[in-house]
């Protein structure tokens, strides 16, 4: 396979060649996928059915859950199917689609988390202007901008990656990702994509700095609140978002900024699992456990469901 015109498929890295371990991997990923699926669907349903949660913060949370659903649905099912059928193959169009969608959901996720930090800053630092600044039209425009950013960014990366010629089709990861694909190219033009990745890291750091600055302003305002109960309530609305941001950025930065190995690495595989699966699965758990309003809405949903069944 001297170039990409003759390349029709890629081989993904399997977790094991032992059949029993392949079945075990299938079961583990199935449990993870169902947990992520159920958690995010519960968040979406609870917010949709509870009119008290029809606020900007929960509107963005629903968008985050949709992005998380898309993110895990892009990577896990294919890996599960490969383990079940004892194969490692993913078609060339399938790899392009997987890379495009995963990058779309990830980039939009980061943009949305940055918008949610701004929402919390306005809510706590400028409460009298909150309804005017975060009106329905502004919220829809912000959410749409996050999705558009993900689409444009993903199209740019995907197109720039797959225009390169590939000398190998063995991807050292359980899904198609840019760093592993770049190691398969047989052209010096990979430098342009490496530069694009560096630009991505730069933009990610800018989002991170914006989030940090927002929380510095939030903490300054919260510490000036005289009531301890008021400070606790303000912190409780920020803690889930701050935890989600920390989880998302720490796993992503560690996965992409660590030195890459030329051969298959258990560390690369493990980091792929952490940054692609952990945030989407943990986000609904974090928001449901650390947010009283979300917990109340979920309890109300379960009580309503049980009453309906009875």
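The values are calculated or read from the model by the stated rules, or taken from the named source; none is laboratory data. Quick caveat: nothing in here was measured; it's all calculated off a predicted structure. Cβ: placed from backbone, ideal geometry, glycine included. Neighbour counts: every protein chain shown.
Listed values, structure above:
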| item | result |
| --- | --- |
| Enumeration of residues in region 44-72 that are farther than 20 Å from residue 111 by Cα, part of a helix (DSSP H, G or I) and in contact (Cβ under 8 Å) with a residue 24 or more places away in the chain | 45, 46, 47, 49, 52, 53 |
| Residues satisfying the stated conditions in region 163-188, i.e. more than 19 Å from residue 93 (Cβ to Cβ) and crowded, with 20+ Cβ neighbours inside 10 Å | 172 |
| Tally, over region 130-182, of residues that are part of a loop (DSSP other than H, G, I, E, B), under 19 Å from residue 100 (Cβ atoms) and over 17 Å from the mean Cα position of the chain (by Cα) | 5 |
| Residue tally, condition surrounded by 15 or more Cβ atoms within 10 Å (Cβ to Cβ) and either at pLDDT below 85 or in contact with a strand residue (DSSP E or B) (Cβ under 9 Å, 6 or more places away or on another chain) (or both), over region 204-226 | 3 |
| Single unsatisfied condition, residue 68 versus (1) surrounded by fewer than 21 Cβ atoms within 10 Å (Cβ to Cβ); (2) at pLDDT 90 or above | (1) |
| Pair list, Cβ under 6 Å, 6 or more apart: region 14-27 residue modelled with pLDDT under 85, other residue assigned to a loop (DSSP other than H, G, I, E, B) and buried (at least 18 other Cβ atoms within 10 Å of the Cβ) | 14/88 |
| Residue in region 74-85 that is within 29 Å of residue 212 (Cα to Cα) and surrounded by 18 or more Cβ atoms within 10 Å (Cβ to Cβ) present | no |
